[in-house]
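In what follows, a single structure is set out as structure tokens and then discussed.
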Amino acid sequence: MPRWLAALFFLSTALVVWGGLNLYVYFRVANGFDLGSKARLALKIGFVVLALAYLAGRLLESFVGDKIAAPLLWSGAVWMGVFSITLSMLVIFDVWVTLPVWVLKRSAVLTPAHGTAIARWGLAAVLALSAGLSAWGARTALAGPKLTDLKLPVAGLPASLEGFTIIAASDIHIGDVVTHGYLDRMVHQIDDLHPDLVVLVGDLSDERNGGDGTAFRRMAGIRARHGVIGVTGNHEYYSGAEKQVGAIEAAGIPVLRQSHRVVADALVVAGIDDPAFLGGRAQAAASMDEALKGRPQGLPVVLLAHQPIAVHHAAELGVSLMLCGHTHGGQLPPFQLLSGLAYPFLKGLYEVGAMRVYVSNGAGFWGPPIRVFADPEIVRVTLTAAAPPR
């Protein structure tokens, strides 16, 4: 199937699903509170406007720029987050409360009046809790990334690399609702940590073709003893593909594309393209083979891959540490569940044989400026020699 046709099919399916879910929530609220005709009309208009706001903002952005489109983008993005949380809680409420209440009413255990009161007060509680979670999630997202500290033992680590620190940042998503001010705060945060190496693990910017290059130059200017290295993510592909990669490299950030380099004469850092560039996930393993071809033997290997896929193959290749992103740790309900189904390595640290894998929640956010149970993070990895086996 041609990519344009696959994209059209995906967009059409997403719009149908999005519309259907909005209808579900609308009817639950309208019927749950037994709203009158005028209130229902106002609610319908609100749902339609908010449901279409983000898409309309993206279209407007293409023609008149992001400043004019910003109000639509922000309102649409916030709605996506609030809606997702509300939908998740409504489904849970309907399964665990609405359905049992209906059964009890049918069995005459509950009177209709009692059943209606439980449903109505329960729905009000769901909406209030959703609003509270959304506000808390917005504060968490907009506060910027937290620091996650890892001290990882590496077998065969050269003495010169003892205490070597790597800062990993992925999924920054500059553009739309992640501002340059947010990026500046993140860069200052990393600078203050004085890392030996900074790696950017994809989805750096959603600005078309890198915008004016300011964001990439800011990332390239991060102070690190051995500089800044990056790999592509799927959003690099969506926002300009090769032109976007060219903008990153023009700013001074080397992009590892099925290649590697030796850092500090003692550490192999390899990187592969996101599957969007490769033509699919099935190409990831072969890309790892290509990236590690001709590497110096006996040195520890850090592999950068935007998506946590072909993980067991990486372990078989002798990779010491694999750094990934992409999943956002689910970012907010219900995507923790959905992302977990698609990616068994969802977030945090894993061990696969002798290899460690860290899947970052991401330093920014995409779409909703809301994060619930998946705080934004930058990751500091301190390398240390592994204890010899007994």
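The values are calculated or read from the model by the stated rules, or taken from the named source; none is laboratory data. In this text, all values refer to a predicted model and were calculated from it rather than measured experimentally. Ideal geometry is used to build each Cβ from the backbone, glycine not excepted, and the neighbour counts take in all protein chains shown.
Suppose we filter region 25-36 for residues that are out of contact with any Ser or Thr (no Cβ under 8 Å at 6 or more places or on another chain) and surrounded by 14 or more Cβ atoms within 10 Å (Cβ to Cβ); how many remain?
Residues meeting the conditions: 7.
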### Task
Look at region 148-193 and say how many of its residues are of a type in the set (A, V, I, L, M) and assigned to a helix (DSSP H, G or I).
6
### Query
Of the residues A108, A135, A117, which single one is at pLDDT 95 or above, among the small types (G, A, S) and in the same structural domain as L35 (by TED's automatic domain parsing)?
A135
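How many residues are farther than 16 Å from P376 by Cβ and modelled with pLDDT of 95 or more when one looks only at region 345-360?
Of all residues in region 345-360, those farther than 16 Å from P376 by Cβ come to 345, 349-357.
Now narrow it down to the ones that are modelled with pLDDT of 95 or more: 345, 349-352, 355-357.
The number of residues fulfilling the criteria is 8.
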### Residue ID - surrounded by the most Cβ atoms within 10 Å (Cβ to Cβ), chosen from residues in region 159-196 that are under 22 Å from the mean Cα position of the chain (by Cα), farther than 17 Å from D212 by Cα and free of Cβ contacts under 8 Å to residues at least 40 places away in the same chain
V187
### Task
Mind checking which helices (runs of 4 or more DSSP H) fall wholly inside region 32-113 and carry at least 2 residues that are hydroxyl-bearing (S, T, Y)?
37-64, 66-93
### Summary
Across region 107-131, the tally of residues that are of a type in the set (S, T, Y) and in contact (Cβ under 8 Å) with a residue 24 or more places away in the chain stands at 1
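This table checks each residue for (1) farther than 30 Å from F83 by Cβ; (2) touching a Cys at 6+ places or on another chain (Cβ under 9 Å); (3) buried (at least 24 other Cβ atoms within 10 Å of the Cβ).
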position: P296; (1), (2), (3): yes, no, no
position: V301; (1), (2), (3): yes, no, no
position: L304; (1), (2), (3): yes, yes, yes
position: A315; (1), (2), (3): yes, no, no
position: V319; (1), (2), (3): yes, no, yes
position: C324; (1), (2), (3): no, no, yes
position: L338; (1), (2), (3): no, no, no
### Task
Report, by residue number, each residue of region 60-77 that is among the aliphatic types (A, V, I, L, M), surrounded by fewer than 16 Cβ atoms within 10 Å (Cβ to Cβ) and within 18 Å of N209 (Cβ to Cβ).
V64
### Message
Suppose the filter is at pLDDT 95 or above, farther than 22 Å from G175 by Cβ and in contact with a helix residue (DSSP H, G or I) (Cβ under 9 Å, 6 or more places away or on another chain); does A363 pass it?
### Response
no
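Here is a yes/no grid of residues against (1) under 22 Å from H328 (Cα atoms); (2) modelled with pLDDT of 95 or more; (3) assigned by TED's automatic domain parsing to the domain that holds K243; (4) among the hydrophobic types (A, V, I, L, M, F, W, C):
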site	(1), (2), (3), (4)
L150	yes, yes, yes, yes
A168	yes, yes, yes, yes
Y182	yes, yes, yes, no
D196	no, yes, yes, no
R208	yes, no, yes, no
A215	yes, yes, yes, yes
I229	yes, yes, yes, yes
### Summary
Taking first residues from region 55-83 that are aromatic (F, W, Y) and second residues anywhere that are not in a helix (DSSP H, G or I), the pairs with Cβ under 7 Å that are 6 or more apart or on different chains are W74/V177
### Summary
Scanning region 124-149 for residues that are surrounded by fewer than 16 Cβ atoms within 10 Å (Cβ to Cβ) and hydrophobic (A, V, I, L, M, F, W, C) gives A124, A125, A128, L129, A131, A135, W136, A143, L147
### Members of region 265-302 that are without any contact (Cβ under 8 Å) to a residue 60 or more places away in the chain, in a loop (DSSP other than H, G, I, E, B) and either over 26 Å from the mean Cα position of the chain (by Cα) or within 21 Å of D171 (Cβ to Cβ) (or both)
I272, D273, G280, K293, G294, R295, P296, Q297
